[in-house]
Amino acid sequence: MKKARILLFLLIISISYICFSSLATAEKRSIFVGDLIELKVTSQNITIDELRDKFKGFEIVDIKEDEDSFLVTLRSFEPGEKTVKIENKEIKINVKSALKEIKRDGIYEGESMPVAARKSFEWKYAFFILIGIFLVTGGFNLWWLIRRRKKTQIDPYGYFKIQAKGLSLDDGEYLAKLTKCFKEYIETVYSCTIRGKTTSELIEEIRSIPDLQLVLPAVQNWLSDSDRFKYMGITAGTEKKQEFLELLLELVRKIDYAKEVKS
């Protein structure tokens with residue numbers, strides 16, 4: 001679970017970095033002397049005459065009204081950076097000299113297509129990205145809490161059955177994993193530590209538990225038979241694995257029943 005959270009965190013950082021980088025390094029095209037520059041000015045408090053006055057340092061080719069905005073097409077034959085202030089926004093247009101910026105062997109040909117002026121960073125996109133990250137992390141945490149709650153609502157016996165029956169019979173380590181499920185069940189119910197212990201050490205550890213007295217011989221036989229297949233190079237077929245599963249399920253059922261009767 002901890003690894004999954006770390007991976008999700010790294011994924012979010014990577015996505016954020018890519019998005020911000022793509023926004024910050026969006027394609028920029030130099031504006032040269034004579035190029036057509038197309039601007040969209042959004043304002044409800046400015047008129048066409050005021051726009052003409054704002055851009056008097058340029059040659060205004062065309063101005064069109066578009067609902068609550070104006071589409072201004074202009075150009076300049078003087079190189080240099082010019083700043084136009086409209087309300088609380090500044091538009092900076094840097095017009096470059098083609099002769100200085102571009103090395104050409106032939107005659108210079110000016111741009112015939114409109115060129116967008118440099119725009120300030122759109123913070124609304126960053127806001128949308130942060131909202132997306134919040135939704136992803138929030139959804140993940142909600143899913144994890146629901147899963148954890150469901151897991152805590154299942155008693156140890158029910159959880160053991162889910163884990164044991166969920167193992168694939170084609171798994172080469174099937175018996176080892178089945179034994180691990182049994183050990184985890186015993187550790188959870190009786191608060192003892194038996195993982196990593198041999199069969200004889202395990203039996204010695206649980207011998208003093210009253211609930212296990214009646215099934216202790218059967219548990220020892222099951223573990224010993226399982227050890228033969230695990231450590232003596234004997235291959236257990238699908239039917240044999242199924243037999244081990246059914247025997248263990250019955251043993252754990254008896255243990256759980258004894259525990260319930262006692263409580």
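Rounded to the nearest 0.05, the FRET efficiency derived from the C-beta distance between LYS96 and LYS40 at R0 = 22 Å is 0.50. Dipole of segment 156-262 (Lys/Arg Cβ +1, Asp/Glu Cβ -1, origin at the Cα centre): which of GLY196, GLY158, PHE229 lies farthest to the positive side? Toward the positive end, the furthest listed residue is GLY158. Across segment 40-45, coupling constants 3J(HN,Hα) worked out from phi with the 6.51/-1.76/1.60 Karplus curve, θ = phi - 60°, read 10, 9, 9, 6, 9, 10 Hz, and Gly and Pro carry x.
Let's test the formula: R0 of 45 Å, r as the Cβ-Cβ distance of VAL261 and ASP170. What FRET efficiency results, to the nearest 0.05? Here the calculated transfer efficiency is 0.75.
Structure note, pairs LYS230/LYS262; LYS241/LYS262; LYS165/LYS254; LYS230/LYS259; LYS177/LYS254: Cα-Cα distances above 27 angstrom occur for LYS230/LYS262; LYS241/LYS262; LYS230/LYS259.
Once the other residues with Cβ under 15 Å from the Cβ of GLU65 are scored (Lys, Arg +1; Asp, Glu -1), what is the net sum? Spelling it out: positives minus negatives among the neighbours equals -4.
On full extension of the chain, what length is gained from GLU65 through SER224, given 0.36 nm per residue of separation minus the C-alpha to C-alpha distance? Provide the component values of the computation, followed by the final result.
Numbers: separation 159, 0.36 × 159 = 57.24 nm, distance 8.83 nm.
Going from the current span to full extension adds 48.4 nm.
Take 35-42, 136-143, 205-212 and order them by the average number of nearby Cβ atoms within 10 Å per residue, most first; the result is 35-42, 205-212, 136-143. Sorting ASP170, ASP155 from the fewest to the most surrounding beta carbons within 10 angstrom yields ASP170, ASP155. Sequentially through segment 75-86, phi angles give Karplus couplings (6.51, -1.76, 1.60; θ = phi - 60°) of 7, 9, 10, 10, x, x, 8, 10, 10, 10, 9, 10 Hz, Gly and Pro residues having no value and appearing as x.
Coordinate-derived values only; no laboratory data. Note that the coordinates shown come from a computational prediction; the quantities given were computed from them, not determined experimentally. Note: ideal-geometry Cβ built from the backbone for every residue, glycine included; neighbour counts use all protein chains shown.
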